[in-house]
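**Q** Mind having a look at this structure? Questions to follow.
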Amino acid sequence: MLVQARKYVSFDPLIQTVRHAANQISDHRKGPTNYSITDAVMSGIAMFSLKDPSLLAFQERRNDQNMKNIYRIENVPSDTQMREILDPLDPDQLRPLFQAAFRNVQRAGALPSYTFHQGAYLLSLDGTEYDSSKKVHCPSCLQRRHANGQITYYHQMVGAVLVHPDQRQVIPLAPEPIIKQDGQTKNDCERNASKRLLEKIREEHPHLKLIVVEDGLASNAPHIRLLRKLRMNFILGCKPDDHQHLMEQVVQASPEDRLTTLHWHDSQRDVWCEIQYVHHLVLNQSNPDVLVNFLRYRESNAAGDCVARFSWVTDLTITEENALHLVRGGRARWKVENETFNTLKNQGYQFEHNFGHGDENLSVMFAMLMMLAFLVDQIQEHCCGQFQAVRGKFTSRRAVWDHIRSHFRHFVFASMEHLLCVCVDGASLRRAATRPCDQPPRAQHSSIRPPPNAAKSDRELLPRQQISRPRSGLHRSCGSMPHSACHGC
Ligand SMILES: [Zn+2]
């Protein structure tokens, strides 16, 4: 199992898989070209993987051997070239890259830990805004008109991630941009984008058993019909004010003895909990054929005041045994916001930064490449023991990547496995750093070497002296290692 996991879901095989999928993207350009589309796509992934603050900052890595060794990029394009290559591409061409990484998770046997109910996985969907400007815009920008006549241009996307109440990581699938469609004068809406996204997901994963969890906007008849057509179960938020007819039926069910109520005391948090559920209710008067089951969860404090209340409609059969489990599933919807969008915005990915808008699709392309880098990171966090060991040394993701970037800057590594090895085994790095700074490095004495199980191709990519040579300036950057280790400073 461990060997399987390393074979598929550690960083290096994942990047190889993604690169192979990127190789299949058709080239729209005519005539000779200096940079391949694959290199442009992989450069975008590398920029977001390393959490560089801008395209300009990433440009400093153009001649870095690590780009070749770790991210498998033959030639890093200039910022202008990168924009020109990525801008005209159809963002849907990136979807197979997500699928390829997802297949690796399946092959490694890592997906069952996300199984939620009767072999099905929770798929949480939500929309978010990620790019906003009063000046920079493209034809697919959404527009917000203000009272003073000003226009704000912005982009949104619908994200879809596999979640589980007991798992900290999420597994993102390819998102869907909310953009102005051809021929439309009004802004596209989140509901249309969700529809497109769910249809694409079913096409890409025809046999994946899914339970879609969404907020109250989704508990409408057309959407529920779509989910049924796509063979997806659902747990959808349900605001009582938006479903008066449904709530009247819940009230009516009580005297008819069709409403089941469960009570218990949570001694750890000192709150009283209550679950109520009833089956076979009509969603609303306009759609008498759409039947749903209703599930409600309430918490009250010792004084009897309600402190939390959630309700959902679902097509799953609710029982005394699974009611709390389904409540936890409904509440796991928040992971698409807390563990996905908030992580992208606040933990180093800089989701809201404008890395380049372009004239066609560049803004969407960068957003999707960032989500792809996030997918690779999440798989590392969930499956890769080596990455987990590095993660465990720091309190935040941001600190982990600061550390990795620092190593990246000072040394040439054979692979990410090699780099993580050095991060975990700090002693080997300290031994390497004991060389007085004004003395030329001696490759044969270095302790920074590729791991014994590094692929042959890794070793071939790496000239011996580059494996071992700390770059000049190492002693000026002792921030990433004990200052005392550098005897020359
Ligand atoms: Zn735009």
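**Q** Need the list of lysines near Lys7 for cross-linking: C-alpha distance under 17 angstrom, and skip anything on the same chain fewer than eight residues off.
**A** Lys456
**Q** Would you list, by chain and number, the aspartates and glutamates whose Cα falls below 20 Å from the Cα of Lys134, excluding same-chain residues fewer than 8 positions away?
**A** Asp188, Glu352, Asp359, Glu360
**Q** So what are the ³J(HN,Hα) numbers for the stretch 306-313, from phi and the Karplus equation (6.51, -1.76, 1.60; θ = phi - 60°), rounded to whole Hz, Gly and Pro as x?
**A** Couplings: 6, 10, 7, 8, 9, 9, 9, 10 Hz.
**Q** Val271 to Arg225: FRET efficiency via 1/(1 + (r/R0)^6), r the Cβ-Cβ distance, R0 30 Å, to the nearest 0.05?
**A** On the way: r = 37 Å, r/R0 = 1.25.
Efficiency, from the Cβ-Cβ distance: 0.20.
**Q** Here is a further query. Summing Lys, Arg as +1 and Asp, Glu as -1, what charge do residues with Cβ under 11 Å from the Cβ of Ser300 carry, Ser300 excluded?
**A** On the way: positive: Arg298, Arg309; negative: Asp266, Asp270, Glu274, Glu299, Asp305.
Charge balance near Ser300 sits at -3.
**Q** If you don't mind, there's one more thing I want to ask. Cα to Cα, under 22 Å, and not fewer than 8 places away if on the same chain: which lysines meet these conditions relative to Lys229?
**A** Lys195, Lys200, Lys209
**Q** Something else about it: Compute the separation of the alpha-carbon centres of the stretch 210-237 and the stretch 283-333 and state it in Å as a whole number.
**A** Here the two parts' Cα centres lie 14 Å apart.
**Q** Right, another one. Filter the GluC sites (Glu not before Pro) in the stretch 308-397 down to the DSSP loop ones having no more than 12 other Cβ atoms within 10 Å, then list what survives. Mind dumping the intermediate values first?
**A** Working: sites: Glu320, Glu321, Glu337, Glu339, Glu352, Glu360, Glu381; in loops: Glu320, Glu321, Glu352, Glu360.
Sparse-neighbourhood loop GluC sites (Glu not before Pro): Glu320, Glu321.
**Q** How many angstrom lie between the C-alpha centres of the stretch 14-37 and the stretch 113-187?
**A** Centre-to-centre (Cα) distance: 26 Å.
Read-outs throughout are calculated quantities, based only on the coordinates presented, and are distinct from any laboratory measurement. All figures in this text were calculated on a predicted structure; none of them were measured in a lab. Glycine gets a Cβ as well: all are built from the backbone with ideal geometry, and neighbour counts include every protein chain shown.
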